[in-house]
Amino acid sequence: MTAQQIASSTRLDELRKSIDSSEYIHAAIQRIAHVLSSGLIDLAHGKGSGNERQRKRRGK
């Protein structure tokens, strides 16, 4: 195994252990909710990417 493969394998082992932690899962859900909420707020304030604004205009 190369050093990169070993590091990758070690990281995967760490993530496998973390996924069993309810605290880790709760924190991950909170991060996802925060990112999604921020994106929705940005869209509502007209800060979204051009694609979202075009879709919105077409839908009117």
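The values are calculated or read from the model by the stated rules, or taken from the named source; none is laboratory data. The structure presented is a predicted model; accordingly, all values stated were derived computationally and were not measured. Positions of Cβ are backbone-derived with ideal geometry, glycine not excepted, and every protein chain shown enters the neighbour counts. Quick note on the areas: whole protein, heavy atoms, side chains included, nothing else; ligands and nucleic acids left out. Shrake-Rupley method; radii C 1.70, N 1.55, O 1.52, S 1.80 Å.
Residue selection: S9 satisfies the criterion of being in a helix (DSSP H, G or I), surrounded by 10 or more Cβ atoms within 10 Å (Cβ to Cβ), over 18 Å from the mean Cα position of the chain (by Cα) and not β-branched (V, I, T). Considering (1) at pLDDT 95 or above; (2) open to solvent by 80 Å² or more (accessible area, probe 1.4 Å), the lone condition that K60 does not fulfil carries the number (1).
If the condition is being more than 20 Å from the chain's Cα centre (by Cα) and either at pLDDT 90 or above or part of a helix (DSSP H, G or I) (or both), then the range 14-50 contributes only G50.
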